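I have placed the structure first, in the form of structure tokens, so that the comments after it can refer back to it.
The values are calculated or read from the model by the stated rules, or taken from the named source; none is laboratory data. All figures in this text were calculated on a predicted structure; none of them were measured in a lab. Because the Cβ atoms are built from the backbone with ideal geometry, glycine has one as well, and the counts that use them run over all protein chains shown.
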Amino acid sequence: MRILQLHSNFIQYKPIQKEIAIAEEAEKEQKRLEEIVVLFTAVEEGDNEAVAQKAIDEVQAFLEKLKVNRILIYPYAHLSSNLARPENALKIVKAMEAYAKKIGLETYRAPFGWNKQFTISIKGHPLAEQSRTILPAEAEEKKKEKVSEAVKAQEKLKSTWYILQPDGKMVPVEEFDFKGRENLQKFATYETSKVRASQQAPPHVLLMKRLEIADYEPGSDPGNIRWYPKGLLIKSLLEQLVNAKMTEYGAMEVETPIMYDFQHPSLADYINRFPARQYILKSENKTLFLRFAACFGQFLMVHDAQFSYKQMPLKVYELTRYSFRREQRGEVVGLRRLRAFTMPDCHAFCTDREQAKKEFLIRFKLCMQILEEIGLSKGDYEAAIRFSKDFYEENKEFIKSLVKVLGRPALSEMWRERFFYFIMKWDFNFVDNQDKAAALSTDQIDVENAKRYNITYVDEKGEKRHPLIMHCSPSGAIERCVYALLEKAYKEQQKGKPPMLPLWLSPTQVRIIPMSDKYFEHAEKLADSLDAQNVRVDIDDQTFTMQKRVREAEREWIPYIIVVGQKEIESDVLPVRDRKAGKIRKMKLEELTNEIEEIVKGKPFKRLPVPRHLSKRPQFYG
RNA sequence: GCCUCGGUGGCUCAGCCCGGUAGAGCGGCAGCCUCGUAAGCUGUUGGCCGCGGGUUCAAAUCCCGCCCGAGGCUCCA
């Protein structure tokens, strides 16, 4: 049944002539009704009395909102192309009328089977016009069945959870003693039961704003972030680090398009296997989608490449700026989960399982090292290793070797059957201040997509074969790394330690505060020398008290603060306020530059992304 | 997508219940202060009270819808 429901100031109608043989008897007189909800109603095949009642119940619920108690049932065939037979339709319409009267509605009905002339005035409010479709119970059942089929498919996903220990033992998660492994316990709880403890907003959201790193962009879609100069510095340094590591690893960096044609045969099939929500783009007569990963681009590229076992494992890498996923509203939060994010994505094409496992282990170590260099040490993340039961039975030793490399217990998830396109994966997860987990690095062994994309290599015998594909994000989304670093700093603060970013990522590494404008020149000289040593240095030349400027520098988490006055002109010893040490250290300039150089050794460097003088900087937030 | 809470100068927030001249602190700007390690003083600027509609003589305040944010579901290759 279809109903067009209109909240009207008035309706007037006049039956003109009978249209069908079974039309009701009616006077050819004009009728007028005021302050009424008109229900243009089309009865469809399969509708029954239950549908009639349900329709009235729905309408009645709505009438309460509108504070109206008067309806006109107006038979109107033109709403459906699947009409019930007239005699049946009339029966149902009468049933609606009877039921509406029974539940206390002031009910009117226009005659059935007539060609009528009518005038209607509809109210302007947003609820005035509504359309509804009411299905018979069997149709509802069919809908439910579809859902339950999806649930059936989920059955395959049924997981058993364990803790894998470095000594190779695998303990059911409920039997494991988490003493001293509270972080792992939080992660395991989050993964297995999805229990959330949090009431507050995630701390990194306030921090990303206050430190002028990033912010929401109201002019875009949710989950599309605006990056301020300091934040962009952090982000690009992280990107540079990951890029360098991947090149070092031997991956070839490429770039692929961000939008793809829905009609492409390989893609259409793949999308069905990947139920993420996409951004859809209509352009001329094409329908395109924005990529949610770098897979397609790289697969299409490798599909067209010629290679043999001699070039394998073949490693291709891309830093996707951006990957797009139209996550549901409630899931998009701060920098933890975005709709547009920067994801390093590396695929390795391997000849067989042995080669894949060997490469897998190399990448596992590499990812640990990358997180460490980013500033997330072992205690900051927890590992999950996931595999199908079959894979585990055949590869116990291999899985044990991963945990051994990890050096501490890992959560393990065993699927009853393979449900995804991979037979095994692992992920490193950051557990934040709300006890929520977010995946950073991850790697998977994919056994389906080579075939789907018809990617082949030539083996020793000259035959074409499909490789195994490993999908790895070495660091996870770059934005998510920033989130993890901020949440980590907040955790430190909760423990009473000063919150900090790693030195190589601190937008300002050294802040110079001249006691007064008399010492500007000296401050400038010091800044020049630091700058020459690739230290990001700035000068607070604002006319505030020194105390206030020290406070501001601390609030910016600046690792080294140097106040410059008369004494510093007379001596070359500087009072360096060391954030990490929590005290003022007397140091010569050279000692400071050496220390900084030592700490940031091997890390990418970028110059100060804002003017050196604070008085020349705009304020982006606060 | 669903449920709950919120949106008021650039920022943080009060006012809303009980409709009647829009408030504070911070910031910005101007002036004074020229300072030894976490907030110096005075003045001043700045508001489609998220957007649209409704009720009312009158709406930041009441009602409806939408948008955005947070929390919880759900989701999460």
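One line per residue, one yes/no per condition, for (1) at pLDDT 85 or above; (2) among the aromatic types (Phe, Trp, Tyr); (3) on the phi < 0 side of the Ramachandran plot:
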{"residue": "A:Gln60", "(1), (2), (3)": "no, no, yes"}
{"residue": "A:Leu66", "(1), (2), (3)": "no, no, yes"}
{"residue": "A:Leu72", "(1), (2), (3)": "yes, no, yes"}
{"residue": "A:Ala84", "(1), (2), (3)": "no, no, yes"}
{"residue": "A:Leu90", "(1), (2), (3)": "no, no, yes"}
{"residue": "A:Leu105", "(1), (2), (3)": "no, no, yes"}
{"residue": "A:Gly113", "(1), (2), (3)": "no, no, no"}
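Given the residues A:Leu614, A:Leu589, which is the only one that is more than 13 Å from RNA strand B (Cβ to nearest atom), surrounded by 12 or more Cβ atoms within 10 Å (Cβ to Cβ) and either under 21 Å from A:Asp540 (Cα atoms) or not basic (Lys, Arg) (or both)?
Only one candidate passes the filter, namely A:Leu589.
Do we find that A:Tyr490 is in a helix (DSSP H, G or I) and not assigned by TED's automatic domain parsing to the domain that holds A:Glu556 in this structure?
When the stated conditions are applied, A:Tyr490 passes them.
Before we move on, is A:Gln533 in contact (Cβ under 8 Å) with a residue 12 or more places away in the chain and touching a helix residue (DSSP H, G or I) at 6+ places or on another chain (Cβ under 6 Å)?
yes
Hey, could you check the range A:286-310 for residues that are of a type in the set (Lys, Arg) and farther than 20 Å from A:Pro467 by Cα and say which is surrounded by the fewest Cβ atoms within 10 Å (Cβ to Cβ)?
A:Lys286
Please go through (1) in contact with a helix residue (DSSP H, G or I) (Cβ under 9 Å, 6 or more places away or on another chain); (2) assigned to a strand (DSSP E or B) for A:Phe620 and return the number of the only condition it doesn't satisfy.
Going through the list (1) in contact with a helix residue (DSSP H, G or I) (Cβ under 9 Å, 6 or more places away or on another chain); (2) assigned to a strand (DSSP E or B), A:Phe620 breaks only (2).
Taking the range A:443-482, which residues are closer than 20 Å to A:Phe299 by Cα, of a type in the set (Ser, Thr, Tyr) and touching a residue at least 40 places away in the same chain (Cβ under 8 Å)?
Passing the criteria: A:Tyr453, A:Tyr457, A:Ser473.
Here are A:Leu319, A:Leu376: which of them is touching a Pro at 6+ places or on another chain (Cβ under 9 Å), among the aliphatic types (A, V, I, L, M), within 18 Å of A:Ala439 (Cα to Cα) and assigned by TED's automatic domain parsing to the domain that holds A:Leu406?
Among A:Leu319, A:Leu376, only A:Leu319 is touching a Pro at 6+ places or on another chain (Cβ under 9 Å), among the aliphatic types (A, V, I, L, M), within 18 Å of A:Ala439 (Cα to Cα) and assigned by TED's automatic domain parsing to the domain that holds A:Leu406.
Give the residue, chosen from A:Val37, A:Val93, A:Val43, that is within 26 Å of A:Ile122 (Cα to Cα) and in contact with a Pro (Cβ under 7 Å, 6 or more places away or on another chain).
A:Val93
When you go through A:Pro575, A:Pro507 one by one, which is the residue that is part of a loop (DSSP other than H, G, I, E, B), of a type outside the set (Phe, Trp, Tyr) and either in contact with a strand residue (DSSP E or B) (Cβ under 9 Å, 6 or more places away or on another chain) or more than 9 Å from RNA strand B (Cβ to nearest atom) (or both)?
On inspection, the qualifying residue turns out to be A:Pro507.
Name every residue in the range A:205-245 that is of a type in the set (D, E, K, R), touching a helix residue (DSSP H, G or I) at 6+ places or on another chain (Cβ under 7 Å), more than 20 Å from A:Glu554 (Cβ to Cβ) and within 12 Å of RNA strand B (Cβ to nearest atom), in order of residue number.
The answer is A:Asp215, and nothing else.
Within the range A:1-107, considering only strands (runs of 3 or more DSSP E) that don't extend past its boundaries, which have at least 2 residues that are among the polar types (S, T, N, Q) and touching a residue at least 60 places away in the same chain (Cβ under 8 Å)?
A:2-18
Which one is surrounded by the most Cβ atoms within 10 Å (Cβ to Cβ) among residues in the range A:524-559 that are more than 43 Å from the chain's Cα centre (by Cα) and away from RNA strand B (no atom under 12 Å from the Cβ)?
In this case the residue turns out to be A:Leu526.
Just one of A:Pro313, A:Pro409 is within 21 Å of A:Val173 (Cα to Cα) and either crowded, with 20+ Cβ neighbours inside 10 Å or at pLDDT 95 or above (or both); which is it?
Exactly one of A:Pro313, A:Pro409 is within 21 Å of A:Val173 (Cα to Cα) and either crowded, with 20+ Cβ neighbours inside 10 Å or at pLDDT 95 or above (or both), namely A:Pro409.
Looking only at the range A:223-245, which residues are farther than 17 Å from A:Leu505 by Cα, touching a Lys or Arg at 6+ places or on another chain (Cβ under 8 Å) and buried (at least 18 other Cβ atoms within 10 Å of the Cβ)?
A:Gly223
Only one of (1) touching an Asp or Glu at 6+ places or on another chain (Cβ under 8 Å); (2) closer than 17 Å to A:Phe112 by Cα fails for A:Asn9. Which number is that?
(2)
Restricting attention to the range A:438-459, report how many residues are near RNA strand B (Cβ under 10 Å from one of its atoms), among the small types (Gly, Ala, Ser) and crowded, with 21+ Cβ neighbours inside 10 Å.
Count: 1.
Could you count how many residues in the range A:6-24 are touching a strand residue (DSSP E or B) at 6+ places or on another chain (Cβ under 7 Å) and hydrophobic (A, V, I, L, M, F, W, C)?
5
Here are some conditions: (1) surrounded by 12 or more Cβ atoms within 10 Å (Cβ to Cβ); (2) among the small types (Gly, Ala, Ser); (3) more than 41 Å from the chain's Cα centre (by Cα). A:Ser571 meets all but one. Which one does it not meet?
So the condition that A:Ser571 fails would be (1).
Take the residues in the range A:269-300 that are hydrophobic (A, V, I, L, M, F, W, C) and more than 14 Å from RNA strand B (Cβ to nearest atom), then tell me which one is modelled with the lowest pLDDT.
Here the answer is A:Leu281.
For A:Lys425, are the conditions met, namely being more than 11 Å from RNA strand B (Cβ to nearest atom), over 17 Å from the mean Cα position of the chain (by Cα) and surrounded by fewer than 22 Cβ atoms within 10 Å (Cβ to Cβ)?
For A:Lys425, the condition - more than 11 Å from RNA strand B (Cβ to nearest atom), over 17 Å from the mean Cα position of the chain (by Cα) and surrounded by fewer than 22 Cβ atoms within 10 Å (Cβ to Cβ) - is not met.
All but one of (1) assigned to a helix (DSSP H, G or I); (2) without any contact (Cβ under 8 Å) to a residue 60 or more places away in the chain hold for A:Glu597; state the number of the condition that does not hold.
Failing condition for A:Glu597: (2).
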